[in-house]
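All remarks here apply to the structure that follows.
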Amino acid sequence: MIAMVRITKNAVLRFQEFVANVSQADVVAALDTPAMALAAKMGACAVILPRGQRAVIQDGAVVTVLPPRKRHHHAARIATRTTWEDETL
């Protein structure tokens, strides 16, 4: 298989830490996809993985995988709010 995007050793380790503890070959198979290659070609700095982790891209290579972002408590409160005090201007 021809590599579409480079995957660094750090990205492999972080994928195993934050996504799934699988073999290096499985990590490369999960990250070396046409979508990741297209994101790198388009200049994206990160790709959000299916469970919220972020694969960080730099200079055409996946350099690390970050854990999902924590949702702030106030954001959850705002998202579930049904009434607003100042709806009219």
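Taken together, the values in this text are just the output of simple stated rules run on the coordinates, not laboratory data. Source: prediction; values computed, not measured. Cβ: placed from backbone, ideal geometry, glycine included. Neighbour counts: every protein chain shown.
Taking only C-alpha pairs under 8 Å that are 6+ residues apart, what is the relative contact order of segment 6-77 in percent?
35
Hey, with R₀ at 22 Å, roughly what FRET efficiency would A25 and Q58 work out to, going by the Cβ-Cβ distance, to 0.05? Present the calculation step by step, with values, prior to reporting the outcome.
On the way: r = 23 Å, r/R0 = 1.03.
The formula returns an efficiency of 0.45 here.
Less than 12 Å Cβ to Cβ from Q53, Lys/Arg counted +1 and Asp/Glu -1: what total charge do the surrounding residues give?
Taking every Cβ under 12 Å from that of Q53, the sum is +3.
Add +1 for every Lys or Arg and -1 for every Asp or Glu among the other residues with Cβ under 14 Å from the Cβ of I7, and state the total.
0
Modelled label-to-label distance, R69 and L13, 7 Å Cα→beta-carbon offset: nm?
2.6
Subtracting the Cα-Cα distance from 0.36 nm times the residue separation, let me have the gained length for A35 to R51 in nm, one decimal.
4.2 nm
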